[in-house]
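Inspection log for the structure reproduced underneath, given as structure tokens.
No lab work stands behind these numbers, since they all come straight from the coordinates. Being a predicted model, the structure only gives us computed values, none of them experimental. FYI the Cβ positions are ideal-geometry reconstructions off the backbone, even for glycines, and counts take in every protein chain you see.
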Amino acid sequence: MPRPVVGALFKDVALILLLCVPFGLAGCGVSGSNSNKGVRDFFTPTDVSIIRHHVQLYRGSLRDFTVRLYAKNPKYEKDPSRQRQKIDSIFGQLPTGEQVYAFKPSHEILAAAFQGEVSEPDRVYLLSLGLWKGIQEAYHVRDEGVFFSGLQISLERLQRLHHNVSQVNWRLKTYKDKDGKLLFVTNEAGENGYINMGYEVIMTQILTRIEDDIIMRGGLPEKYIFSVSTMFLGIVI
């Protein structure tokens, strides 16, 4: 190869490396130092579209989940208009006036939803608020449900979210009050014997989407064995 061509080729390679270095090689599709920590530095348009779609589905699914819980558990909030206001406060911008748990991290809110004694008597509100806030923490979502596409998504946060949602699913079926009744009525048969499996479907869909995102981030979903001593994990650490 003639010497001038070699010199030009060398300059081209040097220019490419120079352009890549300020961005940690992320824009060139090369994994940076965080690749072993479950963080991908490079977001493809497909990645962003999938995650945005999942966040929108989480929001819709959890809102439907909350409506269903109130319908089955009216004792926690008997006023339908108040129920709607609380739902709007969780997934929108309408304030409820509740100040104790509205600003707590998701794992503390979820723990309170299943505690024997709690300052907020509406367990449906606490459960839904904790679940949606967990999504926001794991996916870097603004209050209005907009995904920050420019931020990195941590594999560890997704795994902690998956653990917490899995534990909620288990607690819904096992946690009881002092009278031996489940804290939340979910799939209990109605007067005609019909069992509404909508809750199970919603929780399964949410967990499946989280698992898909864990895989997309380079991890593997785990299976858990829960007990009464199992704690909810803090997502933001």
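Each listed q (0.17, 0.25, 0.26 Å⁻¹) maps to a log10 I(q)/I(0) for the stretch 39-126, found by the Debye formula over equal Cα scatterers with no solvent: -0.80, -1.35, -1.41.
Length gained on full extension, residue 224 to residue 56: 57.8 nm, using 0.36 nm per residue less the C-alpha separation.
A Cβ-based charge dipole, computed about the Cα centre of the stretch 45-130 with Lys and Arg at +1 and Asp and Glu at -1, lands at about 300 debye.
What the Cβ-Cβ distance of residue 115 and residue 208 gives, at R0 = 30 Å and to the nearest 0.05, is a FRET efficiency of 0.55. Per-peptide packing, taken as the mean over residues of other Cβ atoms within 10 Å, places 105-116, 72-83, 224-235 in the sequence 105-116, 72-83, 224-235 from highest down.
With both labels modelled 7 Å from their Cα along Cα-to-Cβ, the residue 88 to residue 71 distance reads 2.1 nm.
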